[in-house]
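To start, the structure under review is shown below, and the notes come after it.
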Amino acid sequence: MTTDPMEKDVLEGILERKGFTHLNVRKHGNHLVIYSVEDDEKVNRARLTKVTAQYYQLGMADHRGKWESTPFRGTMDEMVTLLTNDFAFALAPW
């Protein structure tokens, strides 16, 4: 299931309202990839993978940028809340 182009804008808006203005979002197939730009290089931070019409699976990038699955699944709002509250360290500016 691929993501709707509007979902990228929605996710960017949510992150911005939560104060994560240094982050960007790109759409890649069924993934919404959250990244930052560090020293002119895109650095993957996290991604939401669309698994149903309303639900996403949270994935995290390790220190090398390799994707690691998590057991967390829910709506975009639920996943962003989890990400910004419990995994904020992974989103913090470097």
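Sorting Lys8, Lys66 by accessible area puts them as Lys66, Lys8; the probe is 1.4 Å, largest comes first, and only protein heavy atoms count.
Only alpha carbons enter this Debye calculation for the stretch 5-91, each as an equal point scatterer, and the log10 of I(q)/I(0) it gives at q = 0.13, 0.14, 0.19, 0.26 Å⁻¹ is -0.35, -0.41, -0.80, -1.62. If you run the Gaussian network model on the chain, springs between alpha carbon atoms under 10 Å, then out of His22, His31, His63 the most flexible one is His63. Carbon-plus-sulfur fraction of the accessible area of the chain, 1.4 Å probe, in percent? Taking all protein chains in place, the chain shows 49 percent carbon and sulfur surface.
Separation of the stretch 1-19 and the stretch 33-74, taken as the distance between their Cα centroids, equals 13 angstrom.
Take Met6: with every protein chain present and a 1.4 Å probe, its accessible area is about 120 Å². Accessible surface for the stretch 5-91, divided over its residues, is 58 Å² per residue with a 1.4 Å probe.
The values are calculated or read from the model by the stated rules, or taken from the named source; none is laboratory data. Predicted, not measured: the structure shown is a model, and the values here were computed from it. Ligands, DNA and RNA are excluded from the accessible area calculation, which covers all protein heavy atoms including side chains. Shrake-Rupley method; radii C 1.70, N 1.55, O 1.52, S 1.80 Å.
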